[in-house]
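A quick write-up on the structure given underneath.
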Amino acid sequence: MVDLNVEMTELWSALGAPPAGRPHVVQFVAARRGEGTSTVAREFARFASRRAGRKTWLIDLDLSDPTQFHALAADPQRYGPLGPPVAASPDGSVFFTVQPPSPNPEGGVWPDAKYLVGHSVGGPRLWVARLNREALRGRQQAHVIPSPDYWRALRKHAEVIVVDCPSVDRSQSGPTIARHMDQTVLVVSADQPDVRQPALLRDAITAAGGRCAGLFFNKVSLQPPAFLKAILP
């Protein structure tokens, strides 16, 4: 694991610490897979959990594979052991829907919130939430929805909420929820020479009502080249 503590310190300072009593929701997303978004989001959540006064939640929007859960579980020495799964919806709201729904033996259908689980990470300050894919049956699939309800509810229980989105060449989750985020950070790999795709992503986030906080230039400790500055807000 590359030590990103210096970069996370700078990013925390650039984004601004959450004002007292005002939880902060930050989304990390890239234009293309392989930019290192999940690593950046995970390290930022780890850093925030040591700085924030209340809980930090890391929300994994990869509904096809719980990347964050697997990475945290694979390195307990760095992150601490994972706690058992618990309900991760404060009020029954959730950021996805599962289709087709499953019949509930007690009547009606199985609520979507039953498919969302959380785990403490090395103690009570950092939590990770994921879709419990093991609970899906048959042809069921989960899809991110644009509702603000979950993000509004979780703000009451956390100081920092870090949202790890799949790249937009895999999923439109980032633009879908952009308007409910306080800030969106675009992650760009150091060896990415083409600025067009990040620029298009910036435009898509802005058009969806989101706020792009800027770029995180991943995998180097140098200043980004001049051509990348053209897409900063």
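The values are calculated or read from the model by the stated rules, or taken from the named source; none is laboratory data. Note that the structure is a prediction, hence the values are computed from the model and not measured. Reconstructed Cβ throughout: ideal geometry from the backbone, glycine too, with neighbour counts over all protein chains shown. The accessibility values were calculated without ligands, DNA or RNA, using every heavy atom of the protein model including side chains. Shrake-Rupley method; radii C 1.70, N 1.55, O 1.52, S 1.80 Å.
The phi-based Karplus calculation (6.51 cos²θ - 1.76 cosθ + 1.60; θ = phi - 60°) puts the 3J(HN,Hα) values of the stretch 24-34 at 10, 10, 10, 9, 10, 8, 10, 6, 10, 5, x Hz, whole numbers, x for Gly and Pro.
The Cα center of the stretch 172-202 and the Cα center of the stretch 109-169 differ in position by 20 Å.
Build a GNM of the chain with springs between Cα atoms under 10 Å: which of Ala204, Ala113, Ala20 gets the top mean-square fluctuation? The residue with the greatest mean-square fluctuation here is Ala20. For Val25, the residues whose modelled amide H falls within less than 5 Å of its own, excluding neighbours fewer than 5 places apart on the same chain, are Ile161, Asp182, Gln183. Within the listed set Pro198, Pro19, Pro105, the residue fluctuating most in the Gaussian network model of the chain (springs between alpha-carbon atoms under 10 angstrom) is Pro105. Loop-located trypsin sites (Lys or Arg not before Pro) in the stretch 19-102 (DSSP state other than H, G, I, E, B) with a sparse environment of at most 16 neighbouring Cβ atoms within 10 Å: Arg33, Arg54.
Please list, by residue number, every one of the trypsin sites (Lys or Arg not before Pro) in the stretch 127-209 that is coil in DSSP and has at most 10 other beta-carbon atoms within 10 Å. Sparse-neighbourhood loop trypsin sites (Lys or Arg not before Pro): Arg137, Arg139.
Projecting label points 7 angstrom from Cα along Cα→Cβ for Asp91 and Gln172 puts them 2.8 nm apart. Surface composition of the chain: carbon and sulfur make up 53 percent of the accessible area, probe 1.4 Å. Mind checking which of Gly83, Gly122, Gly138 has the largest fluctuation in a GNM of the chain, springs on alpha carbons under 10 Å? Taking springs between Cα atoms under 10 Å, the residue moving most is Gly138. Measuring nothing but alpha carbons in the chain and taking Rh as the Kirkwood radius, the Rg to Rh ratio lands at 0.96.
Its Cα centre serving as origin, the chain has a Cβ charge dipole (Lys and Arg +1, Asp and Glu -1) of approximately 360 debye.
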